[in-house]
Amino acid sequence: MIGNDGDDKGRVLAGMVRAAHNTDAVIIDNGLKSGVEQFAARRGVKLIGVCPETQIVYPTKNSTGDRIGELTPHSHIFSLGSKETACSWDETIAFKMELANRIRKGRGGLGGFHCKGIGVLVGDSPRCLFELKIAVKSGYPIICLRNSMMGEQLGSNAASMPQEISAALDNGKILMFEGNAEQFASVVHLYLTITFST
């Protein structure tokens, strides 16, 4: 998940989790509240959060997940850096991509195969443009929600975007999605099962 900020896309996230469940996919996000957590927990989908140690808040016994930077329930959390060697949100993206690639490659060996992966641009985080650029450079096809802040920017200002993103829009590596949650789930499922994209 790229740019997951806020929790106002419940139906879309539920569709994405359903597609992940049906394809035995893993979801990687930033560990903060986006609304995907409850859907992943219900379906038993592995949800991995990657975040910088010094820029997060650990939940307390009575936490509601509403404090800025508060971690939410995930099956796995990777917090990078320490007080001595602080890590920024942008620096976690390289680890996030490497983690995704290692999961996709599996352990190798006899009978091993390379799994598919996609980037789903769902949110309006100001950090997501850099993450989108890294995902495109890593060869991931991207599904972008047209009605998100970034979707609107990509749709109306494609020429002013970084060259890698403009080129990915032109050659179809970034799919601008407009539709309902059921259609979105079908598109995610399609990318994870029968496409030949990386």
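The values are calculated or read from the model by the stated rules, or taken from the named source; none is laboratory data. Bear in mind the structure is a predicted one, so any value in this text is a computation, not a measurement. No Cβ is skipped: glycine too gets one built from the backbone with ideal geometry, and neighbour counts run over all protein chains shown.
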(1) surrounded by 15 or more Cβ atoms within 10 Å (Cβ to Cβ); (2) of a type in the set (Ser, Thr, Tyr); (3) modelled with pLDDT of 80 or more: which one isn't true of SER125, the others all being true?
(3)
Candidate set: segment 142-161, residues that are buried (at least 19 other Cβ atoms within 10 Å of the Cβ) and touching an Asp or Glu at 6+ places or on another chain (Cβ under 7 Å); chosen: the one modelled with the lowest pLDDT:
SER148
Can you work out which of the residues in segment 177-188 that are buried (at least 17 other Cβ atoms within 10 Å of the Cβ) and in contact with a helix residue (DSSP H, G or I) (Cβ under 7 Å, 6 or more places away or on another chain) is modelled with the highest pLDDT?
VAL188
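Residues are listed down the side, and each one gets a yes or a no for (1) surrounded by 15 or more Cβ atoms within 10 Å (Cβ to Cβ); (2) touching a helix residue (DSSP H, G or I) at 6+ places or on another chain (Cβ under 9 Å); (3) of a type outside the set (A, V, I, L, M, F, W, C); (4) part of a helix (DSSP H, G or I):
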| position | (1), (2), (3), (4) |
| --- | --- |
| GLU131 | yes, yes, yes, yes |
| ALA135 | yes, yes, no, yes |
| TYR140 | yes, yes, yes, no |
| ILE165 | yes, yes, no, yes |
| ALA168 | yes, yes, no, yes |
For a quick check of your reading: which strands (runs of 3 or more DSSP E) sit entirely within segment 1-98 and have at least 2 residues that are crowded, with 17+ Cβ neighbours inside 10 Å, at pLDDT 90 or above and under 15 Å from the mean Cα position of the chain (by Cα)?
27-29, 47-52
